[in-house]
Ligand SMILES: [Zn+2]
Ligand SMILES: [Zn+2]
């Protein structure tokens, strides 16, 4: 039986499609694999790096890194709850402020009745860029 030919979803070349397999030709798959190894190595050396940081450092598309995450080849920790401190912008796992700011705010609050609220930075930053990753062993 002749293999089914399909167009690669990345480069458009015709290739022999494996039933149940991905619609990517072997050449593109190899390239993707190389990028995966680069990303994997980076995340291993920088546990807790965000998708954005990894993309910046490795030059691999954020979209591809997110695909690795979706495929479960890379794991994301704090998928939902990675947020920035509303006061200083430090990455925190949950809540509104980092521990340091909480402490400072607390002592300020005790000293004076604050009249000016801290400026609320833009919290609508792309959430996907902030997913933290680590490697599963
Ligand atoms: Zn291809
Ligand atoms: Zn803070």
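The values are calculated or read from the model by the stated rules, or taken from the named source; none is laboratory data. This structure is a prediction, so every number in the text was calculated from the model and none was measured. Note: ideal-geometry Cβ built from the backbone for every residue, glycine included; neighbour counts use all protein chains shown.
Cβ contacts < 8 Å: first residue without any contact (Cβ under 8 Å) to a residue 12 or more places away in the chain and within 17 Å of residue 66 (Cβ to Cβ), restricted to region 23-45; second residue in a helix (DSSP H, G or I) and within 16 Å of ligand 2 (Cβ to nearest atom), any location; separation 6+ or different chain. Result?
Filtered contacts from region 23-45: no entries.
Assess whether residue 48 counts as being at positive phi and more than 26 Å from the chain's Cα centre (by Cα).
no
Only one of (1) within 16 Å of residue 135 (Cα to Cα); (2) modelled with pLDDT of 90 or more fails for residue 51. Which number is that?
Looking at each condition in turn, residue 51 falls short on (2).
Just one of (1) surrounded by 13 or more Cβ atoms within 10 Å (Cβ to Cβ); (2) part of a loop (DSSP other than H, G, I, E, B); (3) free of Cβ contacts under 8 Å to residues at least 40 places away in the same chain trips up residue 48, so point out which.
(3)
From (1) outside any loop (DSSP other than H, G, I, E, B); (2) under 18 Å from the mean Cα position of the chain (by Cα); (3) at pLDDT 90 or above, pick out the condition that doesn't hold for residue 70.
That leaves (3) as the condition not met.
Report yes if residue 82 is modelled with pLDDT of 90 or more, surrounded by 13 or more Cβ atoms within 10 Å (Cβ to Cβ) and away from ligand 2 (no atom under 13 Å from the Cβ), otherwise no.
Spelling it out, it is not the case that residue 82 is modelled with pLDDT of 90 or more, surrounded by 13 or more Cβ atoms within 10 Å (Cβ to Cβ) and away from ligand 2 (no atom under 13 Å from the Cβ).
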